[in-house]
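What follows is a set of notes on a single structure, which appears directly below.
The values are calculated or read from the model by the stated rules, or taken from the named source; none is laboratory data. It should be emphasised that the depicted structure is a prediction, and the values quoted were computed from it without experimental measurement. As a convention, Cβ positions derive from the backbone with ideal geometry for all residues, glycine included, and neighbour counts pool all protein chains shown.
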Amino acid sequence: MVVETMTIEVAEASAVGFKAIGAGLAVGLAGMGTGLAQLGIGGAAVGATAENKEMFGLALLFTVIPETVVIFGLVIALLLLF
Amino acid sequence: MFDTQTMSRLLIAASKDQLEAVVRELYRHNVFDIEDFVESDAQGLEGCKIGMPLPGASESSAELVRIRSIENIYGVSPQGMGSSDTKVPTSQVQQRIERELQAIEEDAAKLSEEKLSLENTIRDYETRIAELKPFTVFPANLADLKGFENFVVFAGLVSAPVSLGVPNEMFSAAYDKSNLLIAVVSREDAEEGERELFGAGFQPIPIPDEAGTAGERTVWYTHEITRLEKELEAVSGRIIAQKEKNAAFLVACDELLTAEVERAEAPLRFATTEETFVAEGWVPTDSVAALTSDLQSATGGKVFISEVEYDPVEDAVPVEYHNPDFSKPTEMLMDIYSRPQYNEFDPTILVSIVFPIFFGFILGDVGYGIILLALGYYLRKYLKEGAGKQLLDVFRNASISSIIFGLLYSEFLGFALPWDPIGINRHLNIGSHASGHGPDAVLMLVLTAWIGILHITLGRALHMYNASRMMKPGKHRSKVIFGQFGWILAMWGILLILWSLFEMPLMPVLAGYPAVFMGFNGFGMAGAILLAVGVLGIGQDSVLELMELPTIVSHVLSYTRLAAVGLSSVAIAMVTNYIAIELIIDPQLANLSVVGVVLILVGIVVFLIGHTLNTALGILGGGLHSIRLHYVEFFTKFYKGGGRKYKPFGKLRKFTED
């Protein structure tokens with residue numbers, strides 16, 4: 001039954017759908033990874049800044065380092081979609 | 001340009017009778033960063049002691065404390081006031097301090113006391129009203145409950161009516177989900193009665209010391225509070241009037257006395273002997289001549305000033321920026337990271353040019369640019385000086401860049417402007433735009449990778465420049481320079497290999513040439529050799545650095561955020577427009593009804609919320625990602641920082657003049 005309905009059009013349409021799912025997973029999972037990494041760093045960074053205001057720049061720097069991961073996810077998603 | 005201010009180390013020595021004149025002159029010039037004297041046995045300073053404060057220090061401090069307390073009462077602060085156009089001469093301030101300060105202080109103390117006593121009375125009356133509240137259900141005079149010799153009166157709350165075994169007279173009435181109970185028992189039965197009452201869950205409350213019924217007293221107190229509040233308002237009005245009258249004088253006094261105290265305490269940082277003193281410190285080289293000649297004339301030539309040699313690397317030279325006006329606001333972004341070291345390459349100008357470009361590249365939208373510009377203009381009222389104003393200036397430049405990029409991208413709040421995008425198309429296939437060919441995502445990604453390659457190459461080259469300038473010639477310096485050159489070679493080697501294998505837009509096409517070795521063509525081979533030489537160069541500087549090799553790729557790819565974050569911002573804007581206008585407003589406009597009008601209002605709310613959110617995200621995305629690319633990807637390639645901030649002795653005077 002399944003084999004009979006699987007025409008080329010259907011296959012193409014589902015390929016587009018799978019791409020969209022892949023793009024979503026790329027951004028979502030990468031975002032979770034970044035979030036997990038920033039969880040610890042962010043907490044420590046806020047603590048350090050509260051102790052010493054001059055730490056702000058360095059704290060910000062450490063906090064944004066894992067951001068690259070989600071950007072990679074976003075880039076992969078863009079490449080998949082366009 | 002690209003250099004911090006050149007500093008000279010000055011040594012000022014004179015006999016102690018010139019101390020005051022020298023300190024006064026140094027304070028006026030506001031350029032001398034005093035190097036604190038530490039008592040030690042260092043050569044040439046044996047036996048020197050830390051100086052004593054100038055006479056008058058404690059008097060000035062005491063007066064300053066008085067001024068500050070008046071300022072506190074009136075809520076005046078010198079920081080909160082902008083510089084005044086007409087400055088008061090110090091002699092006049094001095095006279096007014098002697099003549100008027102006493103009266104002003106007495107006024108302030110009186111007003112503050114009046115205010116405090118009114119506030120206390122109001123608070124007291126409010127407590128009394130609260131205490132009277134349970135007794136409002138008791139209709140008789142409260143004074144009648146007191147002053148018995150042979151009876152004891154119990155008053156309190158019980159949840160259910162109680163009957164006592166001892167002879168008594170009792171009043172009970174419902175009050176606030178409970179019952180007010182007043183029981184009068186003869187003194188000999190008091191103990192027994194009390195036990196019975198507490199057994200029934202009786203919570204005693206004090207009987208207010210009042211004459212009259214609780215209701216009457218409450219009304220009287222409420223009237224009194226209203227009256228006192230009016231009085232309080234009048235006193236507050238007088239305080240504000242006094243504040244307006246005296247604010248200018250107070251801040252002028254504050255400035256004058258602060259200056260006197262700071263001057264008087266300056267000798268604590270000098271080295272002194274019985275008869276002489278020595279002050280050491282840093283002065284920007286271009287101010288040395290003016291300071292020297294003014295010191296000479298102020299002391300009648302009785303001062304010895306000499307420039308001392310110093311080692312720009314070893315000595316902690318204070319660092320002051322030396323940038324064109326355009327780049328001055330960006331110094332704030334540099335200070336957040338770290339101030340450059342003395343003699344280090346100062347990248348402020350580069351940041352001030354590249355940061356707005358990155359910001360505009362990400363948030364290229366005429367609408368958002370105008371909103372940010374207006375927002376910045378509005379906030380300028382509240383942030384008049386310091387880091388806040390610098391930040392606003394940075395964002396002004398960024399918003400202008402955003403508008404320019406918006407014109408190129410043809411975007412206004414996610415809508416297309418009446419022309420096609422120039423160069424790069426970022427319009428997504430959403431709603432009525434679905435027929436378009438979609439954004440040039442790949443083109444943008446490659447373009448941003450190029451930006452990354454060039455930015456990082458520049459960073460590495462700057463590291464080589466810094467090393468050649470700051471380090472002593474020798475083996476160590478050559479190692480560092482070749483190490484950095486190795487990083488550049490490795491990156492371009494990888495690029496050559498990639499070009500020889502794949503065809504990419506905006507990149508040189510080197511694929512398709514006959515293979516020479518292991519499937520690589522000539523360019524690929526050249527790339528592999530560059531990479532190998534680069535790795536050797538990095539390794540000879542530090543083997544551990546080889547661990548960082550993957551950052552060659554990851555840091556370049558990190559720049560693709562310029563494209564990705566920008567596209568996500570466009571997506572949010574376009575989706576907001578699609579939902580608000582095409583899905584909600586347009587169908588209702590076509591067929592107008594009462595419900596339709598409500599739905600249109602909902603659509604407008606959706607539109608506003610969506611774009612407000614996107615503006616906030618745009619500031620965060622555009623600002624934070626742009627500065628992060630500088631901090632993490634660019635600065636880590638060459639920038640050391642950690643310079644000591646230049647803090648000259650003295651103050652720019654806002655309210656007074658000599």
Within the range A:6-14, identify whether any single residue is in contact (Cβ under 8 Å) with a residue 24 or more places away in the chain and more than 13 Å from chain B (Cβ to nearest Cβ), and answer yes or no.
no
Might you let me know whether the range B:450-465 holds any residue that is assigned to a helix (DSSP H, G or I), more than 28 Å from B:Pro347 (Cβ to Cβ) and in contact with a helix residue (DSSP H, G or I) (Cβ under 6 Å, 6 or more places away or on another chain)?
no
Kindly provide the set of residues from the range A:26-82 that are more than 13 Å from every other protein chain (Cβ to nearest Cβ) and charged (D, E, K, R), ordered by number.
A:Glu51
Among the listed residues B:Gly493, B:Gly566, B:Gly524, B:Gly539, identify the single one that is more than 14 Å from every other protein chain (Cβ to nearest Cβ), surrounded by 16 or more Cβ atoms within 10 Å (Cβ to Cβ), small (Gly, Ala, Ser) and within 46 Å of the chain's Cα centre (by Cα).
B:Gly493
Looking at the range B:146-163, is at least one residue within 24 Å of B:Gly212 (Cα to Cα), out of contact with any Phe, Trp or Tyr (no Cβ under 6 Å at 6 or more places or on another chain) and of a type in the set (S, T, N, Q)?
yes
Filtering the range B:425-457 down to residues that are without any contact (Cβ under 8 Å) to a residue 60 or more places away in the chain and within 30 Å of B:Trp487 (Cβ to Cβ) yields B:Trp450, B:Leu454, B:Thr457
Considering only residues of the range B:635-645 that are away from chain A (no Cβ under 12 Å) and not in a loop (DSSP other than H, G, I, E, B), which is nearest to B:Glu344 (Cα to Cα)?
B:Phe638
Please go through (1) away from chain A (no Cβ under 12 Å); (2) at pLDDT below 95; (3) surrounded by fewer than 15 Cβ atoms within 10 Å (Cβ to Cβ) for B:Ile424 and return the number of the only condition it doesn't satisfy.
(3)
From B:Leu557, B:Leu531, grab the single residue that is more than 14 Å from chain A (Cβ to nearest Cβ) and either in contact (Cβ under 8 Å) with a residue 24 or more places away in the chain or of a type outside the set (D, E, K, R) (or both).
B:Leu531
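One line per residue, one yes/no per condition, for (1) closer than 26 Å to A:Leu58 by Cα; (2) part of a helix (DSSP H, G or I):
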| site | (1), (2) |
| --- | --- |
| B:Leu256 | no, yes |
| B:Gly281 | no, no |
| B:Ser293 | no, yes |
| B:Ala298 | no, yes |
| B:Gly301 | no, no |
| B:Thr330 | yes, yes |
| B:Arg339 | yes, no |
| B:Phe345 | yes, no |
Residue tally, condition hydrophobic (A, V, I, L, M, F, W, C), more than 14 Å from A:Leu81 (Cα to Cα) and surrounded by 14 or more Cβ atoms within 10 Å (Cβ to Cβ), over the range A:12-45:
4
With respect to B:Gly369, determine if the residue is more than 14 Å from chain A (Cβ to nearest Cβ) and either in contact (Cβ under 8 Å) with a residue 24 or more places away in the chain or in contact with a Gly (Cβ under 6 Å, 6 or more places away or on another chain) (or both).
yes
